[in-house]
């Protein structure tokens, strides 16, 4: 170094100016890239939502046909008096509503008219009669569900014959398309006009309840034990590695495990939400343990010291201080795990939850299916009427997910401690 | 001969014995943090532990209420007694020990709960109050003794963490004395506080003296001189000198103590 020291930096030199320009450019580039990636993901989400809602909203509607049935002239042998009191159900079951409905349709719409009605149209006739036995004494107009072809024609996507049939019906003012509760209250069926999502929804709900009841306590207690009690040695390292691995195991393998352990070994009922819940709990538990341990680690040690210092026992420290402070984090992890479990299909196929179940499950041990499996099954159906039902089911699943995440955010904010 | 030297080192006349330590060694894994320390803590006096960073004074303080138990690798040898009873014996319940030997930490660490709950927590887990009225009394008395009552009496339901640093530390002292301990250990209680808050804590230590045996670890030699009657100087894990605070600061026996007091190192 000479006596003059360093030459002073020329902050205005060309090289310096170029460096500044490069720095600004890099910053702009990074911001644009970030914005682009956010927009891209938002675009995908919007695309998904638009197509789903565009296809799916029609799944919630149903086309009905006004069928006029002349009961006295029909082949139906049913005494209105028999519909009062105890024998009503038997009397209804014994009557040939199917034949009467078909005959009435043929008469009203000409030969082949019965094909314009849904397979379940006679059920609507029966229910109408059961609700109002007076109808039997004369000619009655009853709204019955239309066949898939007419339904699709009403929604503007069918072949020419159906379009023509629909136009005729429309001209006769004998058809309407409106919001139908069948889809929201029914279960799976073979005819797309009769299917409902309630069965799968209830199945998902019960399965999720079983999952959280099993996975949450076990996961949280494991996390607490590993963080607060377990000594740090080779065994706990091994357990930690195993749990981290378990979180990454493909879900189908959990399905096989569930099949082997819960069905073949423990002989729990097939297709039951309890088995689905157990299987999904195995899958969710590692996620809860990992999230829980991180949340517990984040509780400042000074709080533990403070409690120990005034003579709190280990259990008191854990349950009075550590767990309440870690709870928001644990809940977030739990919901992430639950959201994954809610969308899970593969393991449930293995334990028989893909069966055709036409009744909503009544409890933990009754046969059930779940929303994603129902979507999978319907997307595989041949009848075109199932397309919109599949989309509608996806909307229901997304709403379920949204509600669950909303609950998670609410709970997290509720338990969050402000420092 | 050896006993005489030992006696000279750990015993300082004047005061009723509250806690005694004899030949205490503390290890963290292979590393020895405390080497053969013997010391007496008396009821009437404030005892200050001074020494350079890493000399083991905080470690030693934490052996007095077995807070080191929470460190898996820590191992304590030797004998420490409270009222003549060995605190490391199997018959000693560590939870009760910590209720009898309370602790105030370096950084104020109130629970993220209300001021009332902070003070009431200890009495509640030890069942010291039979009903709400008694609990209210304990909370008020503790906050008064900690000199905080007038400042917080109208906002007992506010979060303890919303207080200023000095107030938080006094809240922690109120929390410690709410369970009526016999000894209070203070681990550099003013190191995170400004001079005014520090002065308040020191004043408080004066007022608490006599009611509780107090042991305070401090970096600040002026503070040790101001608040304590007995001072112990630690260096590299050993107890170099223990005596009357006045003697230690004006006429230390050991050259190392003198060098530290006069600021030659530390």
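Where helices (runs of 4 or more DSSP H) fall wholly inside the range A:239-321, the ranges with 2 or more residues that are within 30 Å of residue B:169 (Cβ to Cβ) and assigned by TED's automatic domain parsing to the domain that holds residue A:365 are A:273-297, A:301-309. In the range A:169-203, the qualifying residues are those that are free of Cβ contacts under 8 Å to residues at least 40 places away in the same chain and surrounded by fewer than 18 Cβ atoms within 10 Å (Cβ to Cβ), and the one that is nearest to the chain's Cα centre (by Cα) is A:185.
Reported count of residues in the range A:125-160, each being in contact (Cβ under 8 Å) with a residue 60 or more places away in the chain, closer than 20 Å to residue A:96 by Cβ and touching a strand residue (DSSP E or B) at 6+ places or on another chain (Cβ under 9 Å), is 7.
Select from the range B:74-100 the residues that are facing chain A (nearest Cβ under 9 Å) and either under 30 Å from residue B:149 (Cα atoms) or modelled with pLDDT under 90 (or both) and list them in ascending order. Once the filter is applied, which keeps residues that are facing chain A (nearest Cβ under 9 Å) and either under 30 Å from residue B:149 (Cα atoms) or modelled with pLDDT under 90 (or both), the range B:74-100 yields B:95, B:96, B:97, B:98, B:99, B:100. Looking only at the range A:231-248, decide whether some residue is more than 17 Å from residue A:365 (Cβ to Cβ) and within 20 Å of the chain's Cα centre (by Cα). No, that holds for no residue.
If only residues of the range B:53-73 that are within 14 Å of chain A (Cβ to nearest Cβ) and without any contact (Cβ under 8 Å) to a residue 12 or more places away in the chain are counted, the one that is farthest from the chain's Cα centre (by Cα) is B:72. So, of the residues in the range B:141-152 that are more than 22 Å from the chain's Cα centre (by Cα) and touching a residue at least 12 places away in the same chain (Cβ under 8 Å), which turns out to be surrounded by the most Cβ atoms within 10 Å (Cβ to Cβ)? Once the filter is applied, the top-ranked residue is B:152. Exactly one residue among A:384, A:412, A:418 is modelled with pLDDT under 90 and within 14 Å of another protein chain (Cβ to nearest Cβ), and that residue is A:418. Picking from residues in the range B:159-181 that are assigned to a loop (DSSP other than H, G, I, E, B) and more than 17 Å from residue B:197 (Cβ to Cβ), the one that is nearest to the other protein chains (Cβ to nearest Cβ) is B:179. When residue B:175 is tested against (1) under 26 Å from residue A:311 (Cα atoms); (2) out of contact with any strand residue (DSSP E or B) (no Cβ under 9 Å at 6 or more places or on another chain), only condition (2) is not met.
Checking A:50, A:30, A:44 one by one, the residue that is within 29 Å of residue A:151 (Cα to Cα), assigned to a helix (DSSP H, G or I) and out of contact with any helix residue (DSSP H, G or I) (no Cβ under 6 Å at 6 or more places or on another chain) is A:50 and no other. Highlighted here are the helices (runs of 4 or more DSSP H) found entirely within the range A:99-198 that include at least 3 residues which are at pLDDT below 85: A:121-131, A:148-154, A:160-171.
Criterion first (free of Cβ contacts under 8 Å to residues at least 60 places away in the same chain, within 14 Å of another protein chain (Cβ to nearest Cβ) and closer than 30 Å to residue B:194 by Cβ) does residue B:107 satisfy it? In short, no.
With respect to the conditions (1) more than 13 Å from chain A (Cβ to nearest Cβ); (2) farther than 27 Å from residue A:323 by Cβ, residue B:156 falls short on a single one, namely (2). Residue selection: residue A:6 fails the criterion of being in a helix (DSSP H, G or I) and over 29 Å from residue A:140 (Cβ atoms).
The set of residues in the range B:121-145 that are within 14 Å of chain A (Cβ to nearest Cβ) and either modelled with pLDDT under 90 or over 18 Å from residue B:110 (Cβ atoms) (or both) comprises B:126, B:127, B:128. When A:299, A:370, A:322 are checked against the criterion of being crowded, with 18+ Cβ neighbours inside 10 Å, within 14 Å of chain B (Cβ to nearest Cβ) and in contact (Cβ under 8 Å) with a residue 60 or more places away in the chain, A:322 stands alone in meeting it.
Determine whether residue B:109 is crowded, with 22+ Cβ neighbours inside 10 Å and touching a helix residue (DSSP H, G or I) at 6+ places or on another chain (Cβ under 6 Å). Criteria met by residue B:109.
The values are calculated or read from the model by the stated rules, or taken from the named source; none is laboratory data. Just so it is clear, the model here is predicted, and its values are computed rather than measured. Counting neighbours? That spans all protein chains shown, and the Cβs are built from the backbone with ideal geometry, glycine included.
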